[in-house]
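The values are calculated or read from the model by the stated rules, or taken from the named source; none is laboratory data. Predicted, not measured: the structure shown is a model, and the values here were computed from it. Here Cβ is always computed from backbone atoms with ideal geometry, including for glycine, and neighbour counts include all displayed protein chains.
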Amino acid sequence: MFQNMNSLVDLIREKALKYYNSDPGHDWSHAERVYKMCMKIMNEEGGDPEVLTAAALLHDVGISYEFEEGIDHSEKSAEIAGKILYEIGFPRDKIVKVQEAIRQHRFKSGIKATTLEAKILQDADRLDAIGAIGIARTFSHGGNRKIPIYSKDENVASTLKHFYDKLLKIRYLLNTRMAKAIAKERHEFMEAFLSRLLKEIEGEA
């Protein structure tokens with residue numbers, strides 16, 4: 001029903017862009033990168049391109065509700081995504097599949113993806129949290145939320161602590177072969193960065 005994926009992307013962007021303005025680490029460019037990675041993984045693993053396109057571009061439309069009201073953004077994003085997709089005439093049977101993938105993508109929820117599209121979305125979103133772009137997003141988010149870069153007190157939340165609490169674990173929590181291969185290099189890049197950062201913090205470099 002859509003002429004091509006570009007026309008679908010344009011329709012979704014027009015409706016979704018306003019939801020991506022609460023945090024620079026979860027903006028429209030993040031959604032676009034997740035979409036591109038979904039397509040890359042899909043080319044090897046398979047999957048429905050329309051479902052993946054919609055899920056990738058809409059997976060964080062509810063993020064402001066989590067930051068401002070403490071609502072699980074994956075649930076809110078699935079709800080908003082359903083409304084947007086209905087408005088643009090997206091196939092109703094596929095809307096359910098998009099919502100399912102979005103509900104399962106959130107790292108903090110610890111949900112095991114149950115469909116191929118959900119597995120690919122999980123992987124693409126998690127890959128955007130590591131490597132060079134992951135480092136940039138992490139410090140951007142920390143600054144936006146006024147989180148300290150590091151703290152000598154292990155009980156204090158800090159951007160540096162976030163690497164050890166979450167980001168360095170992602171490599172081992174992926175679903176697809178391609179994502180695991182990409183994650184290996186990104187993980188090693190983060191380790192090298194953190195090694196240098198810790199030396200500079202201690203005045204050793």
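Quick notes on this one:
- Criterion (more than 17 Å from residue 105 (Cα to Cα) and outside any helix (DSSP H, G or I)) met by exactly one of 22, 7, 29: 22
- On the stretch given as the range 62-74, residues that are touching a Ser or Thr at 6+ places or on another chain (Cβ under 9 Å) and either surrounded by fewer than 21 Cβ atoms within 10 Å (Cβ to Cβ) or within 12 Å of residue 34 (Cβ to Cβ) (or both) total 5.
- Filtering the range 44-64 to residues that are over 17 Å from residue 5 (Cβ atoms), in a loop (DSSP other than H, G, I, E, B) and of a type outside the set (D, E, K, R) leaves 61, 62.
- Screening the range 111-133 for residues that are outside any helix (DSSP H, G or I) and of a type in the set (A, V, I, L, M) and picking the one that is modelled with the lowest pLDDT gives 111.
- Residue within the range 163-185 that is at pLDDT below 95, of a type in the set (Gly, Ala, Ser) and either in a helix (DSSP H, G or I) or within 15 Å of the chain's Cα centre (by Cα) (or both) present: no
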